[in-house]
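Here the structure comes first, spelled out in structure tokens, and everything after it is commentary.
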Amino acid sequence: MSKGFAENRTDVTMSELVAEPRPKPAVPMKPLGISSNLLGYIGIDTIIEQMRKKTMKTGFDFNIMVVGQSGLGKSTLINTLFKSQVSRKSASWNREEKIPKTVEIKAIGHVIEEGGVKMKLTVIDTPGFGDQINNENCWEPIEKYINEQYEKFLKEEVNIARKKRIPDTRVHCCLYFISPTGHSLRPLDLEFMKHLSKVVNIVPIIAKADTMTLEEKMEFKQRVRKELEVNGIEFYPQKEFDEDLEDKTENDKIRQESMPFAVVGSDKEYQVNGKRVLGRKTPWGIIEVENLTHCEFALLRDFVIRTHLQDLKEVTHNIHYETYRARRLNDNGGLPPGEGVLPPAPASPCPATIAE
Amino acid sequence: MATADVARQVDENCRTVPLTGHVGFDSLPDQLVNKSVSQGFCFNILCVGETGVGKSTLMDTLFNTKLEGETTTHYLPGVQLRSNTYDLQESNVGLKLTVVSTVGFGDQINKEDSYKPIVEFIDAQFEAYLQEELKIRRVLHSYHDSRIHVCLYFIAPTGHSLKSLDLVTMKKLDSKVNIIPIIAKSDAIAKSELTKFKIKITSELVSNGVQIYQFPTDDESVAELNGTMNGHLPFAVVGSTEELKIGNKMVKARQYPWGTVQVENEAHCDFVKLREMLIRINMEDLREQTHSRHYELYRRCKLEEMGFQDTDPDNKPFSLQETYEAKRNEFLGELQRKEEEMRQMFVQRVKEKEAELKEAEKELHEKFDRLKKIHQEEKKKLEDKKKTLDEEMNAFKQRKSAAELSQGQQAGSSQTLKRDKEKKNNPWLCTE
């Protein structure tokens, strides 16, 4: 029997500096066997174990999209997040690589496995975003791509003979890279987030945070938060989808203090105090990626992967996808989808109509 | 303006990438499970069996609580289904348990239609889920799933073979729900007869093509156990909620003059096996089978019945839309036709009524005229009579006056005579 969450791992992880926010197992595992006949014990809680086994067998899908101007460190960050070379880096002085003339969408899938859990990770890169001289509507291809994935899923769902497990290519999380200017958000940032916060979960990130001092970082973050609020942009975790008080307090803390995460990415290891750490080497010191005092990468990782991964998927499925579906069916007069994809909805404040 | 240039590079056989450190997504099953626990689970059991075969007692024994209310009579005219929902809690797992029992099954003299209410009930639950799924605004993730996950079929302990009612009912149900047949009140059968009974039942089920639920054998940790259990079907169970002291423990048992049948003793009956299989090992699989197999089958049949078809992939969306359009037009056409029809009928009715009224009016007029005529005639008659009467009166008066006159003359002369006479007779009467 896999003891899924073994506490004794042999590899050294830098998250010792962060109290690992492992979700508490709902119920301690009971040994299976006919002899567990405690008086009055029915065995309903074994459904937890049954469910866990089933999900581990089927595996998980996760699709993450990175959006930001080139040179902000998107690929490096993804590689650091998933501790493997899942994203091809574009800025490796490859003479043949040109800045694309239009926004391209490149999705690459990988299968990674850890602790018996298999995950099909798809990283969707958007080279060319914000790189042209005229960047008007450069978010449109991205929005179209996201809607196309919803469309695909909807078509599969509407089939008469359905697949047992519909392949999920919908974008679960969109990491938006904010340039660390230190001042405020750029108009492009605002426009993008305004349009897309209604169709996908956006997690804003301040990239290359090693160019700011701590005070500059705090101020910048506050300004960014303010601007997002003033413009009515709801990034993930959205306030209206908090399910209970516990979620709300936890998410409030994240929303008001930590987000947007100021991160530094790196896939090179250096020796610091006798330990091998991921970091960036500069003449004035080594920036440790997983050190909380240096940057918030560890927070981002824990947030996206260790605690809110499933929630990201659920919000995408239960809310964003349902919104798309409702709109699609309504526009079609109650009929299931025919040809084509819905045009993007006009930008308007948060989907207040969803709450049911 | 930037135009889209989507270049998807997802290769179907994605390469497996090795991890160089601990990422942390192995907590994903825990995250998923935690969410499910907070939402709660639901499980729906359908108990089919004759009245008095021990359904309620078995449910009470399985779930350790007193679930249902009163016992039922044998005199119901048809089969009905009674459903009750309970909220059970064990360590922090909440389960919404729905137990549906047949009431009056096997009691009627003519049992041809006994299976129908059961099939209709199961279909109704599928239909409700399908309707929710087809809604435009739906809340599937918080929908209370009422589909039946397992059907416990209670076989009466005759010791011979299955009754034909059992075979017919199970055959009708096997494509709609997971069936687990159990032999009820099995303390009525001796051990040796029991094995023969079980063999007979399984062979009858196989020869009649009844598909009962097989415990899944694809997961190594439970494959062996499930495999052996599959061989023990149907489970011979005894239910009891009474507790008796055996040794120094309180156990659920039934006491007879010749001994005590312990419910949880594996040598006595298969209750423990049933509980293991039903709840502790395969509950999730039962739910999944219901959703992915039985429900999908129902949905497919229903949608095909409504006129939709899937053709090959590139025609698919097209034909669905076309069918919908065609249906819509047909429906609209039907509506229009009906409207026309109704309008025609309305006009017709109005005409008829009008004619009727005219008739009535005419009649009234005629009557009026007639009456008037009669009235006039009568009047005339009366006048005639009056005239005659007047004439008569006149004539009479004339006669009277003539008579009076003549009488008067006569009387005068007679009077004179009389006076003269009297004068003569009465010299002293001097009237002159």
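The values are calculated or read from the model by the stated rules, or taken from the named source; none is laboratory data. Remember, it's a predicted structure, so these values are computed and weren't measured experimentally. A quick note on method: Cβ atoms are made from the backbone with ideal geometry, for glycine too, and the neighbour counts reach across all protein chains shown.
Can you pull out the residues in the stretch A:112-138 that are part of a loop (DSSP other than H, G, I, E, B), at negative phi and at the interface with another protein chain (Cβ under 9 Å from one of its Cβ atoms)? Matches in the stretch A:112-138: A:F129, A:Q132, A:N134, A:N135, A:E136, A:C138.
Exactly one residue among B:K245, B:K302, B:K252, B:K273 is within 11 Å of chain A (Cβ to nearest Cβ), outside any helix (DSSP H, G or I) and either surrounded by fewer than 18 Cβ atoms within 10 Å (Cβ to Cβ) or not acidic (D, E) (or both), and that residue is B:K252. If you filter the stretch B:130-154 down to residues that are away from chain A (no Cβ under 14 Å) and modelled with pLDDT of 90 or more, you find that the one that is farthest from the chain's Cα centre (by Cα) is B:F154. Within the set A:I254, A:I166, the sole residue that is within 14 Å of chain B (Cβ to nearest Cβ), surrounded by fewer than 18 Cβ atoms within 10 Å (Cβ to Cβ), β-branched (V, I, T) and without any contact (Cβ under 8 Å) to a residue 60 or more places away in the chain turns out to be A:I166. Are any of the residues in the stretch A:227-245 within 25 Å of B:V23 (Cβ to Cβ), assigned to a helix (DSSP H, G or I) and either at pLDDT 85 or above or within 21 Å of the chain's Cα centre (by Cα) (or both)? Looking through the stretch A:227-245, none of the residues is within 25 Å of B:V23 (Cβ to Cβ), assigned to a helix (DSSP H, G or I) and either at pLDDT 85 or above or within 21 Å of the chain's Cα centre (by Cα) (or both). When the residues of the stretch B:211-230 are filtered to those that are not acidic (D, E) and not in a helix (DSSP H, G or I), the one that is farthest from B:T290 (Cα to Cα) is B:T217. Consider the stretch A:308-318 and keep the residues that are crowded, with 19+ Cβ neighbours inside 10 Å and of a type outside the set (D, E). The one that is nearest to the other protein chains (Cβ to nearest Cβ) is A:Q310.
The selection criterion, being within 21 Å of A:T80 (Cα to Cα), within 12 Å of chain B (Cβ to nearest Cβ) and either crowded, with 19+ Cβ neighbours inside 10 Å or of a type in the set (A, V, I, L, M) (or both), holds for A:G109. Residues that are touching a helix residue (DSSP H, G or I) at 6+ places or on another chain (Cβ under 8 Å) and of a type in the set (A, V, I, L, M, F, W, C) were ranked within the stretch A:92-106; the one that is modelled with the highest pLDDT is A:I105.
In summary, A:N137 fulfils each of the numbered conditions (1) closer than 16 Å to A:V67 by Cβ; (2) modelled with pLDDT of 85 or more with the single exception of condition (2). For A:G274, the conditions (1) loosely packed, with under 12 Cβ neighbours inside 10 Å; (2) touching a Cys at 6+ places or on another chain (Cβ under 8 Å); (3) not aromatic (F, W, Y) all hold with the exception of (2). Could you say whether any residue in the stretch A:337-356 is assigned to a loop (DSSP other than H, G, I, E, B), at pLDDT 80 or above and over 30 Å from B:L303 (Cβ atoms)? Looking for residues that are assigned to a loop (DSSP other than H, G, I, E, B), at pLDDT 80 or above and over 30 Å from B:L303 (Cβ atoms), one finds none in the stretch A:337-356, hence no. Here A:A298, A:A262, A:A326 are screened, and the one residue that is among the small types (G, A, S) and at the interface with chain B (Cβ under 9 Å from one of its Cβ atoms) is A:A326.
Here A:D189 meets the list (1) within 30 Å of B:G307 (Cα to Cα); (2) acidic (D, E); (3) part of a helix (DSSP H, G or I) almost entirely, failing just condition (1). Do the conditions hold for B:D87, that is, is it surrounded by 14 or more Cβ atoms within 10 Å (Cβ to Cβ) and either charged (D, E, K, R) or over 26 Å from B:M170 (Cβ atoms) (or both)? Taking the combined requirement at face value, the residue does not satisfy it.
Which one is farthest from the other protein chains (Cβ to nearest Cβ) among residues in the stretch B:20-60 that are out of contact with any Pro (no Cβ under 8 Å at 6 or more places or on another chain), polar (S, T, N, Q) and over 27 Å from B:L167 (Cβ atoms)? Per the stated criteria, the residue is B:Q39. Residue-level check: of (1) farther than 30 Å from B:R300 by Cβ; (2) buried (at least 17 other Cβ atoms within 10 Å of the Cβ); (3) touching a residue at least 40 places away in the same chain (Cβ under 8 Å), A:E114 misses just (3).
Filtering A:E191, A:E148, A:E143 for residues that are touching a residue at least 24 places away in the same chain (Cβ under 8 Å), surrounded by 17 or more Cβ atoms within 10 Å (Cβ to Cβ), out of contact with any Asp or Glu (no Cβ under 7 Å at 6 or more places or on another chain) and facing chain B (nearest Cβ under 9 Å) leaves a single hit, A:E148. Residues that are of a type in the set (S, T, N, Q) and more than 7 Å from chain A (Cβ to nearest Cβ) were ranked within the stretch B:276-298; the one that is surrounded by the most Cβ atoms within 10 Å (Cβ to Cβ) is B:N282. As a summary of the residue check, A:V66 satisfies the conditions (1) more than 9 Å from chain B (Cβ to nearest Cβ); (2) modelled with pLDDT of 85 or more; (3) under 18 Å from the mean Cα position of the chain (by Cα); (4) not in a strand (DSSP E or B) except for the one numbered (4).
Taken together, the residues in the stretch B:176-210 that are surrounded by 13 or more Cβ atoms within 10 Å (Cβ to Cβ) and in a loop (DSSP other than H, G, I, E, B) amount to 8.
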